[in-house]
Amino acid sequence: MATRILFVGLGNYNLPNTRHNAGMMILDHLANALELRWIPYKPWKATIAQTTLSLPFEPKHPDQQKQVELTLLKPRLLMNVSGPSVARAVRDLSIPGSSVYIFQDDLQRELGKVSLKASGSANGHNGIKSVIDHLRSDEFWRIRLGVGRPESRDVNDVSDYVLSKFTPPEVALLEQKVYPLLGVGPGLGLETLVMKQQLWRPPQPPKKKKNKKQKAQEETPSESEVDLGKKEDTSPSSAEDEKAATTA
């Protein structure tokens, strides 16, 4: 039996490419990668895209597949009243909170920083607060996408900031750092998030092994070090200087 998963991108549907729409933008990236088409769905007051994926249980057993029915949802309501759209989808899909992933913008993190949170308060995010109120639960996943924040803490300045569009360099940074977190393919972001409830991290380059000559050079002190070790300091203050250097 297939497992149903819901991905929700929060934002203001009629204000594309703004900082408040970072959640919708990453779902647009995923839909493009999966070659999905967005369609309006009035019962949920949203635009949705759906597909079925076959994901491996474990990398060691790629032959053992798990069927996942994935629904992408972008509410057509304003950000601050997104809750009814999400709650209706959750009810109709008959899924638990552990199968709901909300992608949101986050003013507390610099642009490109991403974190995963399992539950808890809305941390001042009105879209998340609306979802909590209508689900009557805070038990769902949040993927928080850093968009930075203005220097001013004035409410109007913050509002103008989140409703402003990303600049071309900022979009390039999102494409480099954020969008790969939902990469499609074995062992990549989408699979890691759904199967392991973890954010994907790019693999680190393997450390180069040192040959015997390099190890010998590191273990053998240089000529200057050997000479330095043989010298004796006859200065009467050398002991005090050494003590000062040790305790500094």
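The values are calculated or read from the model by the stated rules, or taken from the named source; none is laboratory data. None of the values given here were measured: they were computed from a predicted structure. Ideal geometry is used to build each Cβ from the backbone, glycine not excepted, and the neighbour counts take in all protein chains shown. Each accessible area value is taken on the protein alone, full model and side chains, heavy atoms only, with ligands, DNA and RNA left out. Shrake-Rupley method; radii C 1.70, N 1.55, O 1.52, S 1.80 Å.
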- Protection proxy ranking, peptides 114-121, 81-88, 48-55, average beta carbon neighbours within 10 Å, highest first: 81-88, 48-55, 114-121
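Rolling a 1.4 Å sphere over the protein heavy atoms, what is the accessible area per residue of the range 3-196, to the nearest Å²?
Normalised by residue count, the accessible surface of the range 3-196 is 49 Å².
Ranking request for peptides 124-135, 173-184: highest mean number of other beta-carbon atoms within 10 Å first, then the rest in descending order.
124-135, 173-184
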- Item | Length gained when the stretch THR3-ASP160 is fully extended (0.36 nm per residue, less Cα-Cα span) | 52.5 nm
- Which pairs in the list LYS45/LYS177; LYS117/LYS196; LYS42/LYS74; LYS113/LYS165 are over 21 Å apart, alpha-carbon to alpha-carbon? LYS45/LYS177
- Taking the Cα atoms of the range 3-196, report the difference between the largest and smallest coordinate on each principal axis, in whole Å and largest first. 54, 35, 31
- Note on the structure: Taking the convex hull of the alpha-carbon atoms of the range 41-138 and averaging its shadow over every direction gives an area in square nanometres of 7.7 nm²
